[in-house]
Amino acid sequence: MSFRTNLQYLRAERHMTQEQLAMLLGVSRQSVTKWEAEKSYPEMDKLIKMCQIFECSLDDLVQGDLTDRAPAPAVATVPPGPATDVCGYDDHMRSFAKRVPTGVAAFILGVVGLVLFEEGTALRGLFNSSMAASWGELLGLAALFSGVLVGIGILVSAGMEHSAFVKAHPFIEDFYTDDDRLQARQVLVRGLVTGLMLIMMGVLLGNFVEHESGAEAPAGAALLALVAVGVWLIVHAGMMYGRVDIDEYNRDAVEELEVEDIARIDVPEAVRNELRSAKRTHEKIEAACGVIMLVSTIVALSWLFLGPSFAGTTWDAIGSGRQAADSIVGYFWLPWPIGGILCGIVSILMKAFGRDR
């Protein structure tokens, strides 16, 4: 008995289409078609994965006769009809859409702690002025670093899991219905409106607290806390809307694949060349953005350390007076957001010109 016959029988036993099996294995539908036509043979890792899916041994799958085996009492089947989520894409993307904004919000909440304990304002009821200032600075830095570490941990782990998922499932069959897309649009609208309202409320609340009490630290902390919640809602809504765009996921999957992975995919040569072109464009964008941000960092650090001397002052003098702090020297951080905007422009232009070619 041939591998081809066994594979066709096992698929039919579970009412599984070629597209559904391809998604479970992380290959294209054309790959399964070629296997069943005996025009190519799957790699060892795909064979092992098929053994796990169909609950059989490798020898039986490749050389045995599985058409005579007794059916499993509770065989896992895929119901006929419209495409279904057979690889856990929706659950993965929902989890990813929660973890990314949580990581971003952790950064902002770290700054909330820094602002809240700035100059010991929040501790003056417990300690004298000098001790409150010392402990406030220590607690503020601890809160900032905690937020940064938590945010980095969440984003890095979420990014690694998403990258592994994309490599395991580079092609997904679109299973979302029109109702699913309508619900995603509604989530996007609600998230954007609510998030922007919270940010505006934060601005108003911060101004009100500062005007009524003159306390800048609590006002700034209240503002940033509401901004953190608003940003979480906006990012989450955007990612929940983006998850239903399966075509965009399939296009972006090439960015996670290595050149060797693209070479192993059984797709028409024209599609393979398009994937390679998209991969080269992505690598060029990464290189260009890396150079832009490195130059931005050099400019920012030079501005930070050399700016006061060129302005004929020092950082001690800048910190001693409000008017001096408003000088251009205090804006040493500007090269970084400018670099980020330039990266976005470069990415848009390179993708547009790459698509034209």
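All of the numbers you see were taken from the coordinates with simple rules; none came from a lab. In this text the structure is predicted, and so the values were computed from the model without any measurement. Methodologically, a virtual Cβ is constructed for each residue, glycine included, from the backbone with ideal geometry; neighbour enumeration extends over all protein chains shown.
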- Would you mind checking K34/K167; K167/K284; K39/K284; K49/K98; K34/K284 for any pair whose Cα atoms are more than 32 angstrom apart? K39/K284; K34/K284
- Order by neighbour count: K49, K39, fewest other Cβ atoms within 10 Å first, most last. K39, K49
- Task: Take the Cα atoms of segment 3-68, build their convex hull, and give its volume per residue in Å³.
- Result: 74
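In the neighborhood of A222, defined by Cβ-to-Cβ distances under 13 Å, what is the net charge if each Lys or Arg adds +1 and each Asp or Glu adds -1?
Local charge sum for A222: -3.
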- Going fewest to most other Cβ atoms within 10 Å around each Cβ, H211, H15 line up as H211, H15
